[in-house]
């Protein structure tokens, strides 16, 4: 009886929390749309251009991100390459850094006065479509990597061993065993990455240039023009992928072929495969680390690129601008959120 009352109280507390933190803000956002000509906004040139740009850059980023994450997850789980723990740590670093930082790192590396640009004498521009794609892939692929590596790690090897005994070709094994097993988790991964990229404003804001996306348009309307009504309409549009992902996840529930591990895969040594896994993982790690290392360069030089002398002036100036208190606020918010 006491347990039942405690469970009811816990559910009531959770319902009250979600009502205050989710439903009320959503209703408030919808209420702000009352004074907006929604039809005129949705068919305006700026909105349609930003929508097209968002869908295009998100689709390309999702394909690259999920494909890259699938390859890395397979290498980390199904190969015998060394340093898998180190590579896994490197692959998860980008998700611990704000997306706007990845855009800034790419500008430092490949901008007009970027480190790589000056070193190699490049003439192209990192701003625009491909810059957003590069930053979005760096930011989003760790999420897909973690999701897919967990799925592959807990896959049962028994069906594959039975298929080998029966002489079933690898191609048919992939289509008959692997694809059904990965169907639901892969669908969830694609929508998770798609949603993560399409709602992000950090990378497009930093490196997009004139290539406007919906989150940047929303940022300009709300932060720049204080037009909360228009921002609410755009926010509702950006909420659509998350709702679609939720509905598909509910529809696919209990229909996938996920199973607990009955027998883990036995990794057979293969020097070619393991060497390729190590090489590919090393190249991706380099691409992940370089934008982060760019921050260290800007932090420790006096004024890039005009004065490259080592100095702690930037760190000192940052703390003089009340960075310590802001860091404390961030840690406090992170603690209560977690």
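Given points 7 Å out from each Cα along the Cα-Cβ axis, report the residue 317 to residue 174 separation in nanometres with one decimal. Once both label points are built, they end up 5.4 nm from each other. Once the Cα-Cα distance is subtracted from the 0.36 nm per residue extended length, the residue 183 to residue 36 segment shows a gain of 48.8 nm.
In the chain, Rg over Rh equals 1.02, where Rg is the alpha-carbon radius of gyration and Rh the Kirkwood radius from pairwise Cα distances.
From the square roots a ≥ b ≥ c of the eigenvalues of the alpha-carbon gyration tensor of the stretch 1-139, which class results: rounded (a/c under 1.5), prolate (a/b over b/c), or oblate? Oblate shape, in that a/c is at least 1.5 and b/c is the bigger or equal ratio.
Over the chain, what is the relative contact order in percent, taking alpha-carbon pairs closer than 8 angstrom and at least six residues apart? Over the chain, the number comes to 26 percent. Every helix of 4 or more DSSP H residues in the chain counts as -39500 (n - 2.57), and over all residues that averages to -22500 deg cm²/dmol at 222 nm. Each of 122, 148 has some number of other Cβ atoms within 10 Å of its Cβ, and from fewest to most they run 122, 148.
Would you kindly state how much longer the chain becomes between residue 112 and residue 95 on full extension, computed as 0.36 nm times their sequence separation minus their alpha carbon distance, in nm to one decimal?
Details: separation 17, 0.36 × 17 = 6.12 nm, distance 2.66 nm.
Extra length from residue 112 to residue 95 when fully extended: 3.5 nm.
The Cα center of the stretch 312-338 and the Cα center of the stretch 34-78 differ in position by 32 Å.
Please quote Rg/Rh for the stretch 170-300 to two decimal places, taking the Kirkwood radius as Rh and restricting both calculations to Cα atoms.
1.11
Readers should treat all values here as calculations from the given coordinates under stated rules, not as data from a laboratory. Predicted, not measured: the structure shown is a model, and the values here were computed from it. A quick note on method: Cβ atoms are made from the backbone with ideal geometry, for glycine too, and the neighbour counts reach across all protein chains shown.
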